[in-house]
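Q: Below: one structure in structure tokens.
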Amino acid sequence: MTQIAAPGSVQANFKNVTLTNDQSRFVLSQKSNEFWVRMERLPAAASGEASGAFLDVPIGLVTGSHHMQVFWVPDETHNCQIGFPFTWLIPEGRWVPRNSTFLRPPTLKLQSETWNFVCARCHATGSEPNLDRSTRTWHTQVGELGISCEACHGPGQRHVTQQIEFQSLPKKPESQSTNLAIIHPKKIPPARASQICGSCHSMKWWDHNEGWPERGFSYRPGDDLEATTPVMRPKQLEKQPWLAKVLENNPNIFHDFFWSDGMIRVSGREYNGLIESPCYSGGQFSCLSCHSLHNSDPDDQLGRDRKDNQACLQCHAQFRGDLAVAAHTHHSANSSGTLCYNCHMPHTTYGVLKAIRSHQVSKPDVATQLATGRPNACNLCHLDKPLAWTADQLTRWYGHARPKLSDEQTQVADSVRLALAGDAGHRALVAWHLSWEPAVQVSGKAWIPPILGRLLDDSYAAVRCVAERSIRQVGQLPPTAYDFTVSPESREPVEALVYEKWSNEISATRNPSLPAPTLVRPNDFQAMQNGFLRLTRQRDESAVRLRE
């Protein structure tokens, strides 16, 4: 998660790369095992003359290894680590402005990030920020960079000493009957075990009265997290009176992290979802019910014996067997529609330029979508169907009351409606789902490129990035030289080019018939645009800043 910048940790290209941003030029280079950046101010337009001043600084730290890499440069004290304004996207293998990797209003300028303050708590183990407020300097120390054993098991010196002593005994004691002098998450109450994960994976309040920037964090694995860093629960304000002051000072904080009903909507806060799930109220459900740090693939850390429906069947044994699960889901056995998490943990969370599964176990419900704006699981898979279609199925299968729906919600595929009329958060989620393999298999992909073509011209860079990735996944390349980091105001729109290429390809097929609710029309760009424009005029233009 955080490493010293070295050949074994840096995936980015530093081979004499030149980057420009906000009247500054950055020249990257590698010198032996070190990575350097030369920072120069570009000449002012009026004078046309360069100042000739530059500063060479080494790259100190690198954060990330799966999706992107963020780099940090030291200040003059070499302890404070300041964010480099470009990020390396691993899938694309390219540098992009840091601001373009977040879902935030285009007019919002990049704020300087300090690793010691923003990242040290969760992206390192045993961190002590050690801020000296009188000199405004940091003297940060960490037990280890990255997330290591003690992040989950707590301080380990007593355990190490004990194990060394055991080596001298004729027979080593059985671990099951021995106090191991360390925290073992599977041997403490499930709620406390989950709090270990929640100490990082949650939206919580750091009480500055505790003095953590100066002294470090008092929480240790096995402690009660609520005693030092209470987790925000928007729907329990009466139980969290301290939240009133938080909201007074940060009026947008709920909007930036939660759906309107209190469900978390940004990545890295899965614990918020867990504790609001009905499964959790029984006292036995925890993060370890599904995840394993030592017996899993590294990407999602889903336990190898917890894939498919196995995690849910631990408790819901009544759905074992193809007939039982098919009767409950009304989908054929072995289809994506019979996977518990596709219906009860849909991808309604956003982060790292993609959609991520919600960790709040819930049920598909059109009325909830109408009340909160959060897309329902059915329409995130059946991309070509309107909300009315879903409402009819849920009424017929589960007796849901059918809500009143508008003409668009009755006639237009909900993915298209949200892609054109939704806010930037909706558009990013839809752009990702338009290449999600289970959804593409169910809904077809022939109609999808024109929708993504419109999102390639979106005002939010993150939406454009997700749309570009998806259009490549469904088999069409974006126009030559397309760059999602360049705003539509600075270039010619590409939607018409995408449509022209798609129309030529679709016309060559034997069956160009496409689902009517998608509004996509081959060989009639104007008719399609008229349908799109009707929805675009209803777009939610409110500023969206999802703070991952």
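Q: Please list 102-110, 162-170 highest first by mean number of surrounding beta-carbon atoms within 10 Å per residue.
A: Top of the packing list down: 102-110, 162-170.
Q: If you don't mind, there's one more thing I want to ask. Apply the Karplus curve 6.51 cos²θ - 1.76 cosθ + 1.60, θ = phi - 60°, to the phi angles in region 487-501 and return the couplings in whole Hz, x for Gly and Pro.
A: 5, x, 5, 9, 7, 6, x, 10, 4, 5, 5, 4, 4, 4, 5
Q: How much length, in nm to one decimal, is gained on full extension between residue 180 and residue 405, taken as 0.36 nm per residue of separation minus their Cα-Cα distance?
A: Length gained, residue 180 through residue 405: 75.1 nm.
Q: Once the mean 1/r over all distinct Cα pairs of region 22-121 is inverted, what Kirkwood radius in angstroms do you read off?
A: So the Kirkwood estimate lands at 15.0 Å.
Q: Show me 368-377, 407-416 ranked by packing, highest mean number of other Cβ atoms within 10 Å first.
A: By packing density, highest mean first, the sequence is 407-416, 368-377.
Q: What ranking do 23-30, 469-476 get when scored by the average of other Cβ atoms within 10 Å per residue, highest first? All intermediate terms of the calculation are to be shown ahead of the outcome.
A: Details: 23-30: 15.6, 469-476: 18.5.
Ranked by mean Cβ neighbours within 10 Å, highest first: 469-476, 23-30.
Q: For residue 422, which sequence-distant residues (separation of 5 or more, or a different chain) have an amide H within less than 5 Å of its own amide H, given hydrogens modelled in the peptide plane?
A: Placed amide hydrogens put 540 under 5 Å from residue 422.
Q: Follow-up question, since we're still on this one. Let a ≥ b ≥ c be the square roots of the eigenvalues of the Cα gyration tensor of region 363-536; is it rounded (a/c under 1.5), or, if not, prolate (a/b larger than b/c) or oblate?
A: prolate
Q: Could you run the Karplus curve 6.51 cos²θ - 1.76 cosθ + 1.60 with θ = phi - 60° over region 192-203 and give me ³J(HN,Hα) per residue in whole Hz, x for Gly and Pro?
A: Using θ = phi - 60°, the values come out as 5, 4, 5, 5, 4, 5, x, 4, 10, 8, 7, 9 Hz.
Q: Under a 5 Å amide H to amide H cut-off, with H placed in plane at 1.01 Å, what residues pair with residue 291 once short-range neighbours are removed?
A: The answer is 303.
Q: Could you list which residues have their amide H under 5 Å from that of residue 68, counting only those 5 or more apart in sequence or on another chain, with H placed in the peptide plane?
A: Residues meeting the amide H criterion: 90.
Bear in mind that the values in this text are calculations on the coordinates, not laboratory data. Just so we're clear, the structure is a prediction, and the values are computed from it rather than from any experiment. No Cβ is skipped: glycine too gets one built from the backbone with ideal geometry, and neighbour counts run over all protein chains shown.
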